[in-house]
Structure formats: structure tokens, C-alpha cells
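What follows is a set of notes on a single structure, which appears directly below.
Where a number appears in this text, it was derived from the coordinates with a stated rule and is not lab data. Bear in mind the structure is a predicted one, so any value in this text is a computation, not a measurement. Note that each Cβ is placed from the backbone with ideal geometry, even for glycine, and that neighbours are counted across all protein chains shown.
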Amino acid sequence: MPRTNANPSPARRRYEVERGFEIPLPMTVEGTDARGRKFIEDTVLSYMSHKGASFPLRAPVAAGARLRLAIGLPPRLAEDKPLKMIVHGQAILVESASEPGAPPRVSIRLESRYLIEPEKDEDEAARARAKEA
């Protein structure tokens, strides 16, 4: 029977956290901002792993906010079809902007498995819903 380590070393935990990829993919973030208003914002993914993601976001969100990400997949990976990966997560860290005028960086812990689906006009409908709120 394989052995498992219930208490991995700090180096092992750091390795697990750092595994992921830094690839700029276009995406749409949907959620509720710190003032309780629904928002939809286009941005670019900065980092993603199987546990979390980071990205710049102008909408003022607080730690604990639940967010929906619709990440555009590169055409090469999507067999030249417009596909999006849909994930949900909870904001765990909001870092100040690194430069004046730049948006804060939001890091989330993923709460769900991802779903890959064809790109639809739902993004347009979601934008309309957010503008109405």
C-alpha cells in the first residue's frame, strides 16, 4: 500500500502551491463587489494552478467574495473552436496595485472543478444582467 504524508514539509507545501502556469489568457470575471453590486469585468489571467488563480481586477472585491471565471482557451487547445473554461472560487487575497493606475491583483481559491463549454452568447446576457443591477 502506498504511503501518504499527512504532514508534508514546508518545502513540499511550497512546491504544491507553486505548481501551475503563468499564461495570459483572456477571461471574464463575474461576482459581487465590496459594495454589494454585481459586476462583470474582462481581464487577463495571470496565474493558475489546480487550487487557485490570480488576475488583475478593477472591481473592488473583498476577501471572501465568490467569483465566477470564464477563461478563454487558446484555439490550438480548443481545436480551433471558441471554448471557455468555467470555474468558481473565493477571493483569498487582494493585493495593492504594483504601479500607479494599475488594478489590484486578486487571488482566489478554486471551489469547483472546471467546466469546459462552447463560447455562447451567455456572456452578453450576463453583461446585460450586471448593468441592470
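Here are a few things to note about the model shown:
- Distant-in-sequence amide H partners of L45 (H built 1.01 Å from N, under 5 Å): L25, M27
- For V61, distant residues with modelled amide H under 5 Å away: A34
- Debye, to nearest 20: dipole size of the stretch 30-116, +1 on Lys, Arg Cβ, -1 on Asp, Glu Cβ: 260
- Backbone geometry of the stretch 63-74 corresponds, through the Karplus equation with coefficients 6.51, -1.76 and 1.60 at θ = phi - 60°, to 3J(HN,Hα) couplings of 4, x, 5, 8, 10, 10, 10, 10, 9, x, 8, x Hz, x marking Gly and Pro.
- In this structure, K51 and D80 have a Cβ-Cβ separation that, at R0 = 22 Å, corresponds to a calculated FRET efficiency of about 0.15.
- From phi via Karplus (6.51, -1.76, 1.60), per-residue ³J(HN,Hα) for the stretch 84-95 in Hz, x at Gly/Pro: 10, 9, 9, 9, 10, x, 10, 5, 10, 7, 10, 9
- Amide H contacts of I92 (H built 1.01 Å from N, in plane; Pro and chain starts excluded): G64, S107, I108, R109 sit under 5 Å, all sequence-distant by 5 or more or on other chains.
- J(HN,Hα) series, the stretch 24-35, from Karplus relation 6.51 cos²θ - 1.76 cosθ + 1.60, nearest Hz, glycine and proline x: x, 10, x, 7, 10, 10, 10, x, 10, 7, 5, 8
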